[in-house]
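The values are calculated or read from the model by the stated rules, or taken from the named source; none is laboratory data. All values derive from a computational prediction rather than experimental measurement. In this analysis, Cβ positions are derived from the backbone assuming ideal geometry, glycine residues included, and neighbour counts consider all displayed protein chains. Keep in mind that these areas ignore ligands, DNA and RNA; they rest on the heavy atoms of the full protein, side chains included. Shrake-Rupley method; radii C 1.70, N 1.55, O 1.52, S 1.80 Å.
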Amino acid sequence: MPENFHIDMPEAVRNIIHTIEEHGFKAYAVGGCIRDSILGRNPDDWDITTSAVPSQIKTFFKRTVDTGIAHGTVTIMIDKTGYEVTTYRIDGEYEDGRHPKSVEFSDRLVDDLCRRDFTINAMAYNDTDGFVDEFNGLDDLDAKIIRCVGEPELRFTEDALRMMRAIRFSAQLGFTIDEATWNAIKKLAPSISKISMERVHVELGKTLMSAHPDYVAEYSEAGLFEPILPVADNALKSRYKRKILATLQHTPDNIYLRYAALFITSTPDEAAKTLRALKLDNKTVDTVSKLVELSKIDIEETEPAVRTALNKYGRDFLPLWHELMMAVIQASEDTTGISNPAKVKHLLTLKRLATDILARGDCFTIKALDISGNDLIEYGLQGHEIGETLKSLLDIVIENPKLNDKATLIAMIEHIK
C-alpha cells in the first residue's frame, strides 16, 4: 500500500474518529467500508472500532444510543444518521454457532481484527495511522479471493452464517473462495441448521440479487442447502441445473424474478413452502409461486385468453411473467445452442395484447364490472346467486368487453340464471 494512501471518509466519520483521538484513544473505520472504498464502491455504512470503552465514548458525544452496549457497541447520532462505534474486543467461547458467550474488551486493534470473518473485511483506516492490514486483505482483494482470517474451521464454528457469507461475498464481488476456506465450509455445512431462517434468507437474497446470481449453486455444492432448503438443493442437483443457473443470469435484478428463476423447475407449492420456511413476507411468497405456476402455462394469443390471465394473476404479473419467460428462452438458447424465434414472437404478441387491454381499460375483474352486488339484490337475487351471477357476467365481459354496460348486463341476467 502506498505511503500516501488515503480513504475519503464521510466528514461525520472523520469527526468521530478525531474526537475519540483528542481524548487520548485510538479509533479506525473498519471492515466492509474499507473494503468497498478500496474497490471504488460506495459503502452502505461506516463502522468504527476504538480502544475506548462504551462508558467513555458516551461522554465524548452529545447524542448516543446503547444499541449493543453488552458487546461494546454505541451508536453515535450525527444529525439523523447513526454511526456504530464498537470497542476492540476479544470474543469468548461460542456456544450456539452464532453468538459469543462473553466479550472481553481490549486496547489492541489486532485483537479486534483477528476475530473478523474474512481478510478483506479485516482492514482498518484512519487519517493518523493510515491503512492497517494485519491479515493481507489487500492482497486477497487484488487476487479476488475470499479467505478466512486465521483458521477457517474456527471462524465457521464461531458463526455458521459465515459459510453463507463467504458465498454471498463471492457472488457480489465475483471472487473465488480460497481452497482451505471452501473445504471448511463443506466439512461444517450441517451446522448451518443452527442459524435462523431469517438470517439465511438475508444472505440468499443478497446472493440472488448480486451480479452473479448463478453462484447460488455453490450453496448446494457445499452442502449448505441440503439440511435447510431441500427443494432448492434438489433442483440444483438435478439435470435442470444448467437451465436454472442460465435463467438466473438472464433474469433482471428483481427479487421476485430471481426467486422464480431459482424455482423454475419446481412446483408452485414447493416454491411457496420453501419461501415460507425462509420466513419471507406473504407478497413475495404469493408473487413467486404465481410466477412459477404461470411459467408452466401457455396463454393463447387471443384477447379473451389474456384478459383471463389478467383476472387470475393480476395486472402486475404479466410484465413479470414476460421478463421471466424471456429469460427462460435465452437460457434455453445458451444451454442448447438453438434459438426459438417463434416463442419470442409469441411472448411479444402476448405483451402487445396485454398492453392494449390495459390501455383501453377493458374489464377483467368483478370489481370493474358496470354492475354490483347491490344492483343484483335490487333485481331480486340473494345469497350465493349474487356471486355466481357476477362471475358469469364477468366471463361474458372477458369474452366481449363492449358488453360491460349496466343495462346490457341486467338484460342478460335472465339468460344466465
I need the full set of residues from the stretch 154-188 which are more than 17 Å from C114 (Cα to Cα) and of a type in the set (S, T, Y), in order please. S170, T176
Given the criteria in a loop (DSSP other than H, G, I, E, B), on the phi < 0 side of the Ramachandran plot and touching a residue at least 40 places away in the same chain (Cβ under 8 Å), does D334 qualify? no
Inside the stretch 305-349, the number of residues satisfying the requirement of being in contact with a His (Cβ under 7 Å, 6 or more places away or on another chain) and open to solvent by less than 20 Å² (accessible area, probe 1.4 Å) is 3
Here are I167, I244, I192: which of them is in contact with a Phe, Trp or Tyr (Cβ under 7 Å, 6 or more places away or on another chain), open to solvent by less than 10 Å² (accessible area, probe 1.4 Å) and either more than 24 Å from D140 (Cβ to Cβ) or assigned to a helix (DSSP H, G or I) (or both)? I167
Quick count over the stretch 369-417, residues being open to solvent by 40 Å² or more (accessible area, probe 1.4 Å) and hydrophobic (A, V, I, L, M, F, W, C), is 7
Residue by residue through the stretch 202-244, note down the ones that are among the basic types (K, R) and under 13 Å from S266 (Cβ atoms). K237, K241, K243
Can you tell me how many residues in the stretch 19-40 are free of Cβ contacts under 8 Å to residues at least 12 places away in the same chain and over 25 Å from C114 (Cβ atoms)? 2
Against the condition among the hydroxyl-bearing types (S, T, Y), more than 33 Å from the chain's Cα centre (by Cα) and open to solvent by 60 Å² or more (accessible area, probe 1.4 Å), how does T19 come out, does it pass? no
Going through the stretch 260-286 in order, the residues found to be under 14 Å from the mean Cα position of the chain (by Cα), more than 15 Å from H322 (Cα to Cα) and in contact (Cβ under 8 Å) with a residue 12 or more places away in the chain are L262, L275, L278, K279, L280, T284, V285
Exactly one condition in (1) modelled with pLDDT under 95; (2) open to solvent by less than 20 Å² (accessible area, probe 1.4 Å) is false for G137; which is it? (1)
Would you check which residues across the stretch 217-241 are open to solvent by 30 Å² or more (accessible area, probe 1.4 Å), under 20 Å from A184 (Cα atoms) and part of a loop (DSSP other than H, G, I, E, B) and list them? E226, P227
Selection count, the stretch 265-297, where residues are outside any helix (DSSP H, G or I) and open to solvent by 10 Å² or more (accessible area, probe 1.4 Å): 8
Condition check: at negative phi, among the acidic types (D, E), open to solvent by 30 Å² or more (accessible area, probe 1.4 Å) and part of a helix (DSSP H, G or I). Does E153 satisfy that? yes
What residue, among those in the stretch 382-405 that are hydrophobic (A, V, I, L, M, F, W, C) and in contact with an Asp or Glu (Cβ under 9 Å, 6 or more places away or on another chain), is farthest from T308 (Cα to Cα)? V397
